[in-house]
Amino acid sequence: CTSFSTQHSVHRQWHQHPPTLAFNVRRRKPELIAPARPTPHECKLLSDIDDQESLRFYIPVIQFYRYNPSMIGKDPAAVIRGALAQTLVYYYPFAGRLREGPNRKLSVDCTGEGALYIEANADVALQDFGDTLQPPFPCIDKLLYDVPNPKRMLNDPLLFIQVTRLRCGGFILGISVNHVMSDVSGMMQLILGMAEIGRGAVAPSIQPVWERQLLNARDPPRVSLLHREYDQVEEGTITSTPSENMVHRSFSIGPNQVSTLRKLLPNTLGQCSRFEVLAACIWRCRTIALKPHPDEEVRLLCMVNVRSKLSPPLPSGYYGNAVVFPAAITTARKLSQNPLGYAVKLVKQAKERVSGEYVKSVADLMVMKGRPHYPMAGSCVVTDLTRAGFEEVDFGWGKAVYGGLAKAGLGAKLPAASPCVNLVAIKGGIAISICLPAPAMDIFAKELEFHSKSLFISSGL
């Protein structure tokens, strides 16, 4: 690991990271955990928002827990194993397998085969990871089970869980969830339900609701709005991100730095959310760092939760995907030469376009266009997970020291040139988790510091 710190005008803070940390993890043989009681055997269709190409990957989550003397005699691996079996009674589609029908339509065959569970032990203590936990984590591939073929997905488990006991008595929980089954809100509902049962509840407090037909395309489908987030860009017309010498790094930011960024904005923009300010800043800095052709179109895709946008709203307990990706689009020249307020305005306008009609139009587009992926080249996707509640998950050992996505990018395997940037909650602020080629990462760090005119701290592998 490497780290650097810059000096604040008032005081100096140091972000402590361990030197390169290597440790051994001994895994037991993986096993399938079936629901604890019989569950319905049926085939359930996913929604037309669920099964788009953009969501066909596994979401990797990692949770770190301290030793708790009040839990002496209780094994976290056994507790979570039992809680998983009980939770799958209620979330039984997660014990099934994906099937693909005509027009690439996905469904879940509720076979009851189970989720894949792995128990492990590591010769490392929680304190060895350093004072502040944030991505990237050393030896991450030893703590998250390697999904067999994340691109194939059919006939594979939809949920992978690894519990790794630490030398100090703490433990690490690694979870990989197939994104077509749930967005982050739905995944949190599943994990929190499992934690409740782990603490002794007989059932999750929020009962899961399937009802995926609520986000299906209309009959007949009709794309009523413009969805430039799914523009199909011809190969060679846009600069691709280099795939060599990639670096994963996190940048810590606190409330003071967000306030500093807000001061760069004109009053005419009105109220701007924290996400809008940070997403615009990241988009601008990342574009400058990657140096695309000045006249090339660049886009920022915002993941927007639409549960509150629909009328009537989705029922409580709905755990499918209820997200869309509105795009802010401009040229690299305009984005880099205009002040930050220009980018913030574009982000605000993109989010304001999202409505119930927008969601239906996306579902219709999926059916009519073959469930396309948003363009990877020229795109930056910023996902705000700071309020997801990962750190609140408590299996009886207390809240997580860190909870959230394990790394930047799409899925457990970090792609060479992922456009995804994640905002995750850490102690005292937010971590911006990003992956870039090494030369671009250096430029990104300098641009970020320039924008903030304050303290940004980086850590990376």
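The values are calculated or read from the model by the stated rules, or taken from the named source; none is laboratory data. Bear in mind that the values here come from a model prediction, so they are computed numbers and not experimental data. Here the Cβ positions follow ideal geometry from the backbone for every residue, glycine too, while neighbour counts run over all protein chains shown. Each accessible area value is taken on the protein alone, full model and side chains, heavy atoms only, with ligands, DNA and RNA left out. Shrake-Rupley method; radii C 1.70, N 1.55, O 1.52, S 1.80 Å.
Filtering the stretch 298-331 to residues that are at pLDDT 95 or above, open to solvent by 20 Å² or more (accessible area, probe 1.4 Å) and hydroxyl-bearing (Ser, Thr, Tyr) leaves only Thr331.
Condition check ((1) polar (S, T, N, Q); (2) open to solvent by 40 Å² or more (accessible area, probe 1.4 Å)) across all residues:
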| position | (1), (2) |
| --- | --- |
| Thr111 | yes, no |
| Phe129 | no, no |
| Pro138 | no, no |
| Asp141 | no, yes |
| Phe160 | no, no |
| Val177 | no, no |
| Gln189 | yes, no |
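Open to solvent by 30 Å² or more (accessible area, probe 1.4 Å), touching a residue at least 40 places away in the same chain (Cβ under 8 Å) and under 22 Å from the mean Cα position of the chain (by Cα) - does that describe any residue in the stretch 332-341? The answer is no; no qualifying residue exists. Selection of the stretch 109-131 for residues being under 30 Å from Pro93 (Cα atoms) and either modelled with pLDDT under 95 or touching a strand residue (DSSP E or B) at 6+ places or on another chain (Cβ under 9 Å) (or both) yields Asp109, Cys110, Thr111, Glu113, Gly114, Ala115, Leu116, Tyr117, Ile118, Glu119, Ala120, Asn121.
Any residue in the stretch 232-246 that is out of contact with any helix residue (DSSP H, G or I) (no Cβ under 7 Å at 6 or more places or on another chain), loosely packed, with under 15 Cβ neighbours inside 10 Å and at pLDDT 90 or above? No, the stretch 232-246 has no match at all.
In this structure, Val147 does not qualify as β-branched (Val, Ile, Thr), assigned to a loop (DSSP other than H, G, I, E, B) and over 27 Å from Ser107 (Cβ atoms). Taking the criterion of being of a type in the set (Phe, Trp, Tyr) and modelled with pLDDT under 95, the residues of the stretch 41-98 that qualify are Phe57, Tyr58.
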